[in-house]
Amino acid sequence: QVQLVESGGGLVQAGGSLRLSCAASGSIFTINVMGWYRQAPGKQRELVASITSGGIANYAGFVKGRFIISRDNAKNTVYLQMNSLKPEDTAVYYCETSKFGVDFWGQGTQVTVSS
């Protein structure tokens, strides 16, 4: 089992920044890719960014140049630095990873961007 705990969400004005954190615990030895997803009201959950244990990052087109994903393997933590936030970035943000084909999700953290 893998446990994921997100933190760092909140309310911010458009153009502002937030940094999300996701701490992993449990059976994390074989974890490779960790990712951030988001789900806005009435919409499907979508991938925001992911990063491998070696630091290779992948971004959705709508966040390229604004968000940065990073990872501290020693702390088993992945971060999402969100800059130049827009009202359309408002969503619940989830941390995700998988192990042996099983997906694990955090409880989510709310990000609200006011115009």
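Rolling a 1.4 Å probe over the heavy atoms of the protein chains gives the range 23-115 an accessible area of 52 Å² per residue. Model label sites at Ser7 and Trp105, defined 7 Å from Cα along the beta-carbon direction, differ in position by 2.3 nm.
Put Ile69, Ile56 in order of accessible area, largest first, 1.4 Å probe: what do you get?
Working: Ile69 10, Ile56 120 Å².
Sorted descending by solvent-accessible area, the residues read Ile56, Ile69.
Only protein heavy atoms count here; on that basis, with a 1.4 Å probe, Asp89 has an accessible area of about 0 Å².
Applying the Karplus relation 6.51 cos²θ - 1.76 cosθ + 1.60 with θ = phi - 60° to the range 50-65 yields 3J(HN,Hα) values of 9, 8, 8, 5, x, x, 7, 9, 9, 10, 6, x, 6, 10, 4, x Hz, where x marks Gly and Pro. Each 5 Å bin from zero up to the one holding the largest Cα-Cα distance in the chain carries the following percent of pairs: 2, 13, 25, 26, 19, 10, 5, 1, 0.
With all protein chains in place and ligands, DNA and RNA left out, the 1.4 Å accessible area ranks Phe100, Phe62, Phe67 as Phe100, Phe62, Phe67, largest first.
With a simple spin-label model that places each label point 7 Å from the Cα along the Cα-to-Cβ direction, the separation between Leu47 and Ser115 comes to 3.0 nm.
Given charges of +1 on the Cβ of Lys and Arg and -1 on the Cβ of Asp and Glu, with all other atoms neutral, how large is the dipole of the chain about its Cα centre, in debye to the nearest 20? Don't skip to the end; give the middle numbers.
On the way: 10 positive and 7 negative charges, 30 e Å.
The dipole magnitude comes to about 140 debye.
Per-residue SASA remark: Tyr94, around 40 Å² accessible (1.4 Å probe; ligands, DNA and RNA not included).
The values are calculated or read from the model by the stated rules, or taken from the named source; none is laboratory data. Not measured: the values here are computed from a predicted model. When we count neighbours, we look across all protein chains shown, and the Cβ atoms used for this are built from the backbone with ideal geometry, even at glycine. These area figures cover heavy atoms from the full protein model, side chains too; ligands, DNA and RNA do not enter into them. Shrake-Rupley method; radii C 1.70, N 1.55, O 1.52, S 1.80 Å.
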